[in-house]
Amino acid sequence: MSQKKVRVRFAPSPTGGLHLGGVRTVLFNYLFARHHGGEFVLRIEDTDQTRYVPGAEEYIMECLRWCGLEPDESPLKGGPYAPYRQSERKALYRQYAEQLVAAGYAYYAFDTPEELEAMREVEKARGNHSPQYNYSIRKTMRNSLVLDAAEVATLLEKGAPHVIRIKMPENEELRFSDMIRGEVSFQTSTVDDKVLLKADGMPTYHLAVVVDDYLMKITHAFRGEEWLPSAPVHILLWKYLGWEADMPQWAHLPLILKPDGNGKLSKRDGDRLGFPVYAMNWTDPKTNELTRGFREIGFLPEAFVNMLAMLGWNDGSGQEIFSMEELIEHFSIERVHKGGAKFDYDKAKWFNHQYIVKTDDALLAKLFQPVLDEKGMVAEPAFVARIAGLVKERCHFINEIWDHGFFFFIRPEKYDADAVKPKWSAEKQAFFEEWAQVLEGLEDFTFAPLEDSFKQLAAAKNIKPGELQLPFRIMLCGGKFGPPVFVIAETLGKAETIERIKLGLAAFA
Ligand code: GLU
């Protein structure tokens, strides 16, 4: 590796919600930067105004914040290479496009949309079903390679609308070394003459990404595998602009696949199979369509991040639970797999469960508070924490604390009478009436003394305690579920336990 300070970037286009593959790209960038004591840059690639979606940029930043993957430099934070939003850098790209034209690596193209359409029609009629503006077609079009110099000068002077296109070599093999895939090679004839600068003076992604990676001194460029076909254009631009010595090392990250391994995981798969694919809720401002996110479904950010890290990477030891510090320490880009990683929602839930169990009860209570608020429940934080601690072993999501512990907050509205009534008797009724009185006098209302007094009275009355425990549980919870019954009683406290015994007795009578 070069001695230069490591600088990586995440360069999203603000076109919508962030897919978990995008967050994984952020994560790998972040881990690599931290591992090497380098810097992580967030650059917003918004040069395609037609695809710009309001709110998407804020959403991306909020996602990074939620995941704890804060950039060192960004549009919000600024930094030595500001601005970090490409639309605000518009003025600086043209000179590089002109430099390429002057050197013969790019050319002006004056073709109107109608002329381009006509070319496509002609090509299709000739059996070429995906016509491209490339080395063969460009000879027939209206560009500075075909028109004579005087005509080009006149057109430019008159301000005739034009774009600048890269002149892809007709027949060259391009090679580069990818940190994940190893040697990759391309035939330049398969790539069209991409537009670098648009008629409105905005650069396209291809020009802007290279210029900015250069100007921002990016040393390693990690991005999704879907960008691999663009790599030849970028590599040529690095060469043609005379920057080859500074070209970043590339790593194209494998796709995240559908659970069955058949193709890229899409937002639609999530809808179809009932799991989130976006990091956070995203509402499309045009259609108002809501796509659910991992955050809102109840994932803890640490669990989400850990799960993502394991999608396509491991350290070879078999360890699966990694704190952020451990990930930073163990991460290496070379250990990212070449093949796509199948997304497994049950495994994602397993990660969340592991983190819920590890999370401090007081913090769980805080995270659970919105669920209580929504239900209009008022409870002391310490009480909520206690309940979180009692039920967290059963939860995959924070909101499941309610499913496994709702009876701590509300008295049973109905009882599982079938479980009690067939074996209910006057003796049992008498036992509970008497025990309720004993409880009034019990000073230490914790589960051990509770259980002792329960067993003593049962023995005195000659009833098996086992036969009394189920009715007691149903009095407290309404059904056959919950933590150990004396622990429930202790948690509810004396007054509430006694009250629930009385209400239960009335219901069973
Ligand atoms: N703007 C591109 C995107 O939306 C960035 C690709 C790259 O990292 O080069 O993903």
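Here are the numbers:
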quantity	calculated
Selected residue (only one of Y30, Y52, Y59, Y81 is among the aromatic types (F, W, Y), within 22 Å of S266 (Cα to Cα) and in contact with a helix residue (DSSP H, G or I) (Cβ under 9 Å, 6 or more places away or on another chain))	Y52
Close pairs from the stretch 1-30: first over 15 Å from G293 (Cα atoms), partner of a type in the set (K, R) and within 12 Å of the ligand (Cβ to nearest atom), Cβ under 8 Å, at least 6 apart	R9/R43; F10/R43; A11/R43; A11/R223; S13/R51; T15/R51; T25/R223; N29/R9
Those residues of the stretch 225-279 which are farther than 16 Å from I166 by Cβ, of a type in the set (F, W, Y) and outside any loop (DSSP other than H, G, I, E, B), in sequence order	W227, W250, Y278
Residues within the stretch 23-55 that are touching a Lys or Arg at 6+ places or on another chain (Cβ under 9 Å), hydroxyl-bearing (S, T, Y) and either assigned to a helix (DSSP H, G or I) or more than 14 Å from R85 (Cα to Cα) (or both), tallied	1
Matching residues, the stretch 106-131, being part of a loop (DSSP other than H, G, I, E, B) and without any contact (Cβ under 8 Å) to a residue 40 or more places away in the chain	D111, R126, G127, N128, H129, S130, P131
Candidate set from the stretch 241-256 (those that are touching a residue at least 24 places away in the same chain (Cβ under 8 Å) and either within 20 Å of L100 (Cβ to Cβ) or among the β-branched types (V, I, T) (or both)); member that is nearest to the ligand (Cβ to nearest atom)	P248
Pair list, Cβ under 6 Å, 6 or more apart: the stretch 464-475 residue on the phi < 0 side of the Ramachandran plot, other residue in a helix (DSSP H, G or I) and not aliphatic (A, V, I, L, M)	P465/K455; M475/R500; M475/G504
Set L215, L228, L197: member being hydrophobic (A, V, I, L, M, F, W, C), touching a strand residue (DSSP E or B) at 6+ places or on another chain (Cβ under 7 Å), at pLDDT 95 or above and surrounded by fewer than 21 Cβ atoms within 10 Å (Cβ to Cβ)	L228
Lone unmet requirement of (1) farther than 24 Å from R85 by Cβ; (2) crowded, with 18+ Cβ neighbours inside 10 Å for Y278	(1)
Unique match (being part of a helix (DSSP H, G or I) and acidic (D, E)) among E58, E70	E58
All positions within the stretch 329-371 that are in a loop (DSSP other than H, G, I, E, B), touching a His at 6+ places or on another chain (Cβ under 9 Å) and β-branched (V, I, T)	none
Hey, F294 within 15 Å of the ligand (Cβ to nearest atom) and either modelled with pLDDT under 95 or crowded, with 18+ Cβ neighbours inside 10 Å (or both) or not	no
Considering residues of the stretch 3-48 that are more than 11 Å from the ligand (Cβ to nearest atom) and of a type in the set (K, R) only, the residue surrounded by the most Cβ atoms within 10 Å (Cβ to Cβ)	R24
Any chance K414 is closer than 23 Å to V391 by Cβ, surrounded by fewer than 12 Cβ atoms within 10 Å (Cβ to Cβ), in contact with a Lys or Arg (Cβ under 7 Å, 6 or more places away or on another chain) and not small (G, A, S)	no
Residues located in the stretch 231-240, provided they are surrounded by 19 or more Cβ atoms within 10 Å (Cβ to Cβ) and either away from the ligand (no atom under 16 Å from the Cβ) or among the β-branched types (V, I, T) (or both)	V233, I235, Y240
Residue tally, condition of a type outside the set (S, T, Y) and within 17 Å of D148 (Cβ to Cβ), over the stretch 103-112	4
Residue within the stretch 167-190 that is within 16 Å of the ligand (Cβ to nearest atom), at pLDDT 95 or above and acidic (D, E) present	yes
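The values are calculated or read from the model by the stated rules, or taken from the named source; none is laboratory data. Quantities reported herein were computed from a predicted structural model and do not represent experimental measurements. Because the Cβ atoms are built from the backbone with ideal geometry, glycine has one as well, and the counts that use them run over all protein chains shown.
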